[in-house]
Amino acid sequence: MSSNFQAMAQRPPTGGSAPIESEDKGINPVVFIVGGIAVGAASYAIVKSKGAKIPVAAYLPEYLLTHNILPTSDALNLMYKLNPSLNNQQEIPKKSKLKLPEFPVLDEEIRPALISGDEVALATDLNREMDQFETSKEALEKLEAAGNMASVQVITNQVNQQLTTAGWKDLTSRTIFDQMVYDLLRVFNQTLDEVVLAKSADQKQLMLMQSISDNLTELLNDVRTLSLNHDFPVDLNKNLIFLASVEEVSVRKVKVSNSVEASSVVEGISKDFAFAVYKINEAGELITKGPEVEGKYKVKYVLPALKDIPSAYHTLRDPATYAVAALPPAKMYIIVEDFSGIPVSIQDPLIDFKVVFKNPQLINEDEMIIVPLYLSND
C-alpha cells in the first residue's frame, strides 16, 4: 500500500552559468496518512521547503542596496545580464543569492572634495543671489502682470515661498545642499533679470524657470522629510534667509567644525557615491574593469533643470572608475565624457539618489554606494 514519493527541483530552462541559489535550507518531513493509519512510518517522504517568494522587480533593488549598489536602470540591467535565469522569472525565493558585478576594489579612503573648497565663499555667493532675487522680484512686481508676465509672477512667488519657509539652526553643515540651491538660484536670477528687462518672457524662459522652481521645491521638501525622519537639526518653524551674514557663518564654522553632531548632519544630508562605468563589447562580453573602462572617462552632474546649461555642471575630480561625489537626496542629470571632452552615450542619464536616503537600514553606512553607468558606445 505504500509507495515512494520524490520531490524534484527544476532549474529554469534558460538558466546559465550563474544560477540563483536560495539560502533557505529548511527540510520538512511529510508522513502520508491513509485511512487513519500512518503509512511508511519507517521511511517517509522528505520534501524541501521552497520558502516564501517575492516579485523579482521588488527583490532586485533591495538586493542591490544591501550590497551598496544604487539600483539604477543600468544596475538592474546588469543584474539580468549576470543572472540570465531571472529573465524568465516573475518571482524569486527570499534571501536568494545572485551574482554581482565584479567592479574594481573600491578604496574607501577616497573621499570627494567639497564642491566649493571655501564654505565662507559659498556663503557669500549664496547671500548675493538671495539679495539679487529680492531685487529682481521687486522689479517684477512693478511691471504689469499681463500675458506671460503673469506666469512669471506665479513661478517667482513659488520660488520665494520655498526660500522663505526653510530655516536651519546649523548654517555650516550643508555645503553640498547649499551649493545645489545656489546653482538653481543663480540661473533663475539671470533668467528673471532678462525677462524683467525685456518686459516679456518666451516659452523657453518660462519652461526653464518652472523647471528650476520644481527642482528647488523637490530638493527642499526631501530635506525637510529627511530632517523629520532622522532628527536632523533643521528648524522648519523659522522664516530665515539661508545665510544671514558671512561673519555669522565664520563664527559658527569655528563652533560647529569640532562638533560630533555636525559631522552626523553632513552625513545625513549627503552621502558619498562612487561612479563605475561598464561596457559590453562586440562579442557580447561584459567589461567592468581593466584598461578599457578604468581611468578613461570623467563624470559630470547637474540638477535636471540645468542640464542644458554647460556652466552649471560639476566635474568630479577623479576619473571613473571610480569618480566620487557627495550628493544630497535629489535627482541628478549625469553625463560622461572622454578626456578630449567628447560626450559618451549613456543609457539613462537621469538618476534618483533619494532611494539610498529613504532606506538607510539596507546600506552599510561606512561604505560608499557604487553607481553603475553603462557606456552604450564610444
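The values are calculated or read from the model by the stated rules, or taken from the named source; none is laboratory data. Since this is a predicted model, take the numbers as computed values, not measurements. Here the Cβ is made from the backbone with ideal geometry for all residues, glycine too, and neighbour counts use every protein chain on show. Heads up: the accessible areas ignore ligands, DNA and RNA and are worked out on the full protein's heavy atoms, side chains in. Shrake-Rupley method; radii C 1.70, N 1.55, O 1.52, S 1.80 Å.
What the table shows:
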{"item": "Residue check for Ala58: among the hydrophobic types (A, V, I, L, M, F, W, C), over 23 Å from the mean Cα position of the chain (by Cα) and either modelled with pLDDT of 90 or more or surrounded by fewer than 13 Cβ atoms within 10 Å (Cβ to Cβ) (or both)", "result": "no"}
{"item": "Filter result for Glu267 (open to solvent by 60 Å² or more (accessible area, probe 1.4 Å) and either assigned to a strand (DSSP E or B) or at pLDDT below 95 (or both))", "result": "yes"}
{"item": "Matching residues, the stretch 286-313, being of a type in the set (A, V, I, L, M, F, W, C) and within 16 Å of Val336 (Cβ to Cβ)", "result": "Ile287, Val293, Val299, Val302"}
{"item": "The stretch 199-208 - residue that is open to solvent by 40 Å² or more (accessible area, probe 1.4 Å), assigned to a helix (DSSP H, G or I) and touching a helix residue (DSSP H, G or I) at 6+ places or on another chain (Cβ under 9 Å) and, of those, nearest to Gln158 (Cα to Cα)", "result": "Leu208"}
{"item": "Strands (runs of 3 or more DSSP E) within the stretch 306-378 that include 1 or more residues among the aliphatic types (A, V, I, L, M), surrounded by fewer than 18 Cβ atoms within 10 Å (Cβ to Cβ) and touching a residue at least 12 places away in the same chain (Cβ under 8 Å)", "result": "350-352"}
{"item": "Meets criteria (over 17 Å from the mean Cα position of the chain (by Cα) and either loosely packed, with under 15 Cβ neighbours inside 10 Å or modelled with pLDDT of 90 or more (or both)) for Leu216", "result": "no"}
{"item": "Conditions (1) closer than 19 Å to Leu106 by Cβ; (2) open to solvent by 40 Å² or more (accessible area, probe 1.4 Å); (3) of a type in the set (A, V, I, L, M); (4) modelled with pLDDT of 95 or more; number of the one not met by Leu286", "result": "(4)"}
{"item": "Every pair of residues 6+ apart whose Cβ atoms lie under 6 Å, when the first sits in the stretch 137-153 and is touching a residue at least 12 places away in the same chain (Cβ under 8 Å) while the second is exposed (fewer than 11 other Cβ atoms within 10 Å of the Cβ) and β-branched (Val, Ile, Thr)", "result": "none"}
{"item": "Flag for Ser211 being open to solvent by 10 Å² or more (accessible area, probe 1.4 Å), in contact with a helix residue (DSSP H, G or I) (Cβ under 8 Å, 6 or more places away or on another chain), at pLDDT below 95 and among the polar types (S, T, N, Q)", "result": "no"}
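Conditions tested, residue by residue: (1) at pLDDT below 90; (2) among the hydroxyl-bearing types (Ser, Thr, Tyr); (3) open to solvent by 60 Å² or more (accessible area, probe 1.4 Å).
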site: Gln153; (1), (2), (3): no, no, no
site: Val223; (1), (2), (3): yes, no, no
site: Leu226; (1), (2), (3): yes, no, no
site: His230; (1), (2), (3): yes, no, yes
